[in-house]
1. Among the residues of region 117-136, which ones are over 14 Å from LYS89 (Cα atoms) and either part of a loop (DSSP other than H, G, I, E, B) or under 25 Å from the mean Cα position of the chain (by Cα) (or both)?
2. For region 58-78, how many residues meet the condition of being within 19 Å of VAL19 (Cα to Cα) and out of contact with any strand residue (DSSP E or B) (no Cβ under 6 Å at 6 or more places or on another chain)?
3. Between residues in region 69-92 that are surrounded by 16 or more Cβ atoms within 10 Å (Cβ to Cβ) and hydrophobic (A, V, I, L, M, F, W, C) and residues that are at pLDDT below 80 and in a loop (DSSP other than H, G, I, E, B), which pairs lie under 7 Å by C-beta distance while being six or more apart or on different chains?
4. Those residues that are modelled with pLDDT of 75 or more and part of a loop (DSSP other than H, G, I, E, B), I need them from region 6-57; list them, please.
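The values are calculated or read from the model by the stated rules, or taken from the named source; none is laboratory data. It should be emphasised that the depicted structure is a prediction, and the values quoted were computed from it without experimental measurement. Don't worry about glycine lacking a Cβ; one is built from the backbone with ideal geometry, like all the others, and counts go over all protein chains shown.
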Amino acid sequence: NLELVEEMRSSVFMGTSGVVSFTEEGDRSVDGWTMSFSSVVVGAERLQTREVAVHTEALGLVLHRESPPVWPSGESTWDPPHSDGVCSKPGEVYSETGRGCFLCPAGTQAAQDRTCHPCPLGTVSVRSGTDCTPCTEGV
């Protein structure tokens, strides 16, 4: 088995991430290692990927400026769009299925877990996107 280990240590071959070789300790060498970052794009007939960046030991991270990532909203930009999970307006929550932010309906309010919760007993929100406030007596 020692011969097999020695043979493996001396192996050099091309893998999907670049040249694969091993150190004396048997760990993978990072020399020539390339990491590709891709974005999935919905094509006319199938899903497609396009490379948006590459990381190499020699150059570090190189962005393909002409090929920005495609976000779940369908927008292609280097700046993450507002609609990809972070809602900034009060009373808004993010909907993965709707792929965007929406106001919590009347009778609910936005909660810490990014969902709409019914107003607690004795409170009400009369418009979408508003917080629950104590009910006015007699109303």
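1. CYS119, PRO120, LEU121, GLY122, SER125, VAL126, ARG127, CYS132, CYS135, THR136
2. Looking only at that region, the number is 3.
3. So the pair list comes out as TRP71/PRO80; TRP71/PRO81; TRP71/ASP84.
4. SER10, SER11, VAL12, SER21, THR23, GLU24, GLU25, GLY26, ASP27, SER29, listed by residue number.
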